Amino acid sequence: MNDLESRQLRYFVAVAEELNFGRAAERLGMAQPPLSRAIRELERGLGVRLFERTTRQVGLTPAGEVLLRDARTALEAITAAARRAAHAGRPAPELRLALKADFDAGLLPQFLAAYRREPEAIPVELVLGGRGDQEAALRDGRADVAVLPELTDGRGLDAEPLLTEPRLVALAASDPLAARSSLSLADFAGRVLPDGRPAELGGPPPGPDGGG
């Protein structure tokens, strides 16, 4: 088997996400025949079928599902490597700190003050984003370090807890749970939050505007 090329992975991911060769070709800005040919060559090189094709639909095989997961990770790593190299080569590099505005628990001034006392400290650039953007910024090379409420996928990242805060809940005085001195998320099973999510999940939604 020949080494995989990033071009092959991009082609494969486009088809795997669209599950349609025509839409994938349009997304990639190329004609469909060379895309189909590239996927066949990829399957031949790997010695496995990545897609189940019929006249009506395209689906991933188990091997294709595995490759899709790893291909996304590999492409993210390639993009991140290029961004980090370009950033490191700048005449005046900066430490890029990703965080959501007003979501640092008041710790940001302490972070910056402590870091600036380090002999090899460099200027800090704040990379602001919505809730959930910080982990993506680390993975794709837009940030070097981040302050975030939690990791959804810690693979390949080093993390250190900085602060633990208790969860709070607002209940009507007449609610049976209001008389309890302590509660767990399991106590809210079957209840729904105002935004429609199951209450036992707790916390704000992970979208860009999800709380904080």
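The values are calculated or read from the model by the stated rules, or taken from the named source; none is laboratory data. This one's a predicted model, so the numbers in the text were calculated from it and none came from an experiment. Cβ: placed from backbone, ideal geometry, glycine included. Neighbour counts: every protein chain shown.
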*Quick one: would you say F111 is touching a residue at least 24 places away in the same chain (Cβ under 8 Å), part of a helix (DSSP H, G or I) and in the same structural domain as D140 (by TED's automatic domain parsing)?*
yes
*Do you know which of the residues in segment 114-149 that are crowded, with 17+ Cβ neighbours inside 10 Å and assigned to a helix (DSSP H, G or I) is nearest to the chain's Cα centre (by Cα)?*
E135
*Any idea which residue in segment 18-52 is surrounded by the most Cβ atoms within 10 Å (Cβ to Cβ), counting only those that are in a helix (DSSP H, G or I) and in contact (Cβ under 8 Å) with a residue 40 or more places away in the chain?*
L46
*Quickly run through segment 53-84 and pick out the residues that are over 21 Å from D140 (Cα atoms) and either surrounded by 15 or more Cβ atoms within 10 Å (Cβ to Cβ) or in contact with a Ser or Thr (Cβ under 6 Å, 6 or more places away or on another chain) (or both).*
V58, L60, A63, G64
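Within segment 154-178, which residues are at negative phi, assigned to a loop (DSSP other than H, G, I, E, B) and surrounded by 10 or more Cβ atoms within 10 Å (Cβ to Cβ)?
We begin by selecting, within segment 154-178, every residue at negative phi; these are 154-155, 157-178.
Subsequent filtering for residues that are assigned to a loop (DSSP other than H, G, I, E, B) retains 154-155, 157-175.
Those that are at negative phi, assigned to a loop (DSSP other than H, G, I, E, B) and surrounded by 10 or more Cβ atoms within 10 Å (Cβ to Cβ): G154, L157, A159, L162, L163, V169, L171, D175.
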*Do you know which of the residues in segment 71-101 that are touching a Leu at 6+ places or on another chain (Cβ under 9 Å) and in a helix (DSSP H, G or I) is modelled with the lowest pLDDT?*
A80
